[in-house]
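The values are calculated or read from the model by the stated rules, or taken from the named source; none is laboratory data. Owing to the predicted nature of the structure, the values given are computational and were not obtained by experimental measurement. Glycine gets a Cβ as well: all are built from the backbone with ideal geometry, and neighbour counts include every protein chain shown.
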Amino acid sequence: MKEATSFALRGSVVEDELTLTTFELCRACNASEEHIELWVSEGVLQPTGAGRDEWRFGGRSLARMRVAMRLARDLEINSSGVALALDLLDEIEALEARLRRESAPRLRP
Amino acid sequence: MQYKDYYETLGLPRTATQDDIKHAYRKLARKYHPDVSKLADAEARFKDINEANEVLKDPEKRAAYDQVGSGFKAGQEFRPPPNWDAGFEFRGGEAPGGGPGGGGFGGADFDASDFFESLFGARARGGAGARPRRAASMQGEDHHAKVLIDLEDAYRGAERSISLRVPKEGADGRVALEERRLDVHIPRGIRAGQHLRLAGQGASGIGGAPAGDLYLEIEFSMHSRFRVDGADVYVDLPLAPWEAALGATVDAQTPEGTVQLTVPKGSAAGRKLRLKGRGLPAKAGGTPGDLYAVLAIALPPADSDKARQAYAAMAEAFGGYDARRERGG
């Protein structure tokens with residue numbers, strides 16, 4: 001499994017190495033440009049650049065966008081509801097990370 | 001094949017109204033949606049809920065299901081009677097959610113059970129198989145999959161052979177899942193939740209158009225010893241009471257092997273000793289994470305006269321000590 005074959009495919013780490021265009025984000029998330037505009041206007045996605053033709057999305061937008069699409073579709077909630085849910089999920093994630101860091105080890109008998 | 005009781009899945013009687021079904025689905029979907037729920041079986045539960053809703057929300061499918069299944073109980077061996085679906089017409093409809101991962105591609109692909117497919121056919125589930133968009137030239141779709149790696153792989157970098165199930169259209173126009181193997185380089189320093197993009201490894205394009213990309217979401221397999229938080233890694237370090245009280249040099253496990261660690265005297269349980277830069281390694285231009293050894297005090301058992309005497313001697317030596325008070329409680 002770990003032997004070195006030079007044929008292994010090398011990819012790019014989306015979150016660290018890539019910014020995505022509107023077109024790339026649409027394709028990767030199976031979304032329309034209107035979807036993307038909606039999520040930008042809700043503040044779920046925060047691209048740099050002036051208009052949607054010049055927008056560049058940080059790599060973390062990919063996962064965020066996919067969760068947003070799934071929540072909107074599966075839970076039938078509107079875009080501001082999705083935006084709220086994402087903010088709350090981020091908050092839970094931060095609190096849980098803090099809990100993991102600070103979890104006091106149990107005393108053993 | 002086992003009969004599935006869709007009413008039971010949604011917690012409803014067979015007499016439920018379409019409104020009841022909608023409400024029950026929404027409530028359960030919010031509770032078990034894999035993006036929201038932390039329950040271990042959330043993904044499987046959500047799949048069942050989704051499938052139940054897919055059938056019951058559609059009056060035609062529901063009527064057909066009621067007709068075929070009213071005498072069955074969940075889990076019972078089931079075989080659809082011949083021509084049971086005469087007089088019904090099922091539409092493909094929009095693709096319901098499969099949640100993240102789900103074994104298939106795209107997330108939009110509804111991962112239906114055998115039971116569902118025996119009743120309504122694979123075509124009824126929408127998703128990749130039932131979406132034959134025809135165009136003279138069109139770039140292939142992007143695909144998504146999850147890859148489980150070990151924490152140690154992220155420390156060293158690794159090569160992993162992964163297998164994917166890819167929908168492929170046969171000569172007769174039917175879409176079947178085909179196994180595809182890929183050797184993928186896992187870059188050193190990758191974090192859980194990050195994605196690898198493999199250009200051109202998605203669905204092939206039509207009419208000479210380029211193929212789509214493949215996105216791999218990285219997940220770490222559970223580790224009995226280490227906890228990971230972003231780039232930082234945590235390990236419990238059990239100490240004997242005298243090691244914590246008097247200080248000691250002890251062996252500590254790290255994903256890169258054993259290191260010697262100096263525990264300062266007077267260390268309390270829960271104290272964290274930081275090994276700077278020993279967390280997940282940095283990728284180009286970044287900073288590495290840290291490794292934290294979280295101290296725990298292990299009490300040796302008082303299972304011999306000698307051990308009991310030692311504890312008694314301690315009690316005497318610490319005559320006025322009140323553990324409850326010292327804790328600040």
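Yes/no matrix, rows are residues, columns are (1) at pLDDT below 90; (2) under 25 Å from B:A284 (Cβ atoms); (3) within 7 Å of another protein chain (Cβ to nearest Cβ):
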{"position": "A:F7", "(1), (2), (3)": "yes, yes, yes"}
{"position": "A:R10", "(1), (2), (3)": "no, yes, yes"}
{"position": "A:T21", "(1), (2), (3)": "no, yes, no"}
{"position": "A:S41", "(1), (2), (3)": "no, no, no"}
{"position": "A:R56", "(1), (2), (3)": "no, yes, no"}
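I'd like the full set of residues that are assigned to a helix (DSSP H, G or I) and either within 10 Å of chain B (Cβ to nearest Cβ) or touching a residue at least 40 places away in the same chain (Cβ under 8 Å) (or both), limited to the stretch A:73-83.
A:R73, A:D74, A:S79, A:V82, A:A83
Show the residue pairs meeting these rules: Cβ distance below 9 Å; 6+ apart or different chains; first residue within the stretch A:19-46 and in a strand (DSSP E or B); second residue of a type in the set (S, T, N, Q).
These pairs meet every condition: A:T19/A:T48; A:T19/A:S61; A:L20/A:S61.
Test B:G200 against the criterion of being surrounded by 17 or more Cβ atoms within 10 Å (Cβ to Cβ), under 26 Å from A:D16 (Cβ atoms) and either at the interface with another protein chain (Cβ under 8 Å from one of its Cβ atoms) or of a type outside the set (D, E, K, R) (or both), and give yes or no.
Spelling it out, it is not the case that B:G200 is surrounded by 17 or more Cβ atoms within 10 Å (Cβ to Cβ), under 26 Å from A:D16 (Cβ atoms) and either at the interface with another protein chain (Cβ under 8 Å from one of its Cβ atoms) or of a type outside the set (D, E, K, R) (or both).
In the stretch B:213-235, which residues are surrounded by fewer than 17 Cβ atoms within 10 Å (Cβ to Cβ) and among the acidic types (D, E)?
B:E219
One line per residue, one yes/no per condition, for (1) among the basic types (K, R); (2) in contact with a Lys or Arg (Cβ under 8 Å, 6 or more places away or on another chain); (3) more than 13 Å from chain A (Cβ to nearest Cβ):
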position	(1), (2), (3)
B:S224	no, no, yes
B:L299	no, yes, no
B:Q309	no, no, yes
B:A313	no, no, yes
B:R324	yes, no, yes
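Filter the stretch B:162-190 for residues that are within 12 Å of chain A (Cβ to nearest Cβ), charged (D, E, K, R) and part of a loop (DSSP other than H, G, I, E, B) and give the result.
Answer for the stretch B:162-190, where residues must be within 12 Å of chain A (Cβ to nearest Cβ), charged (D, E, K, R) and part of a loop (DSSP other than H, G, I, E, B): just B:R188.
So how many residues does the stretch B:141-161 have that are in a strand (DSSP E or B) and within 11 Å of another protein chain (Cβ to nearest Cβ)?
8
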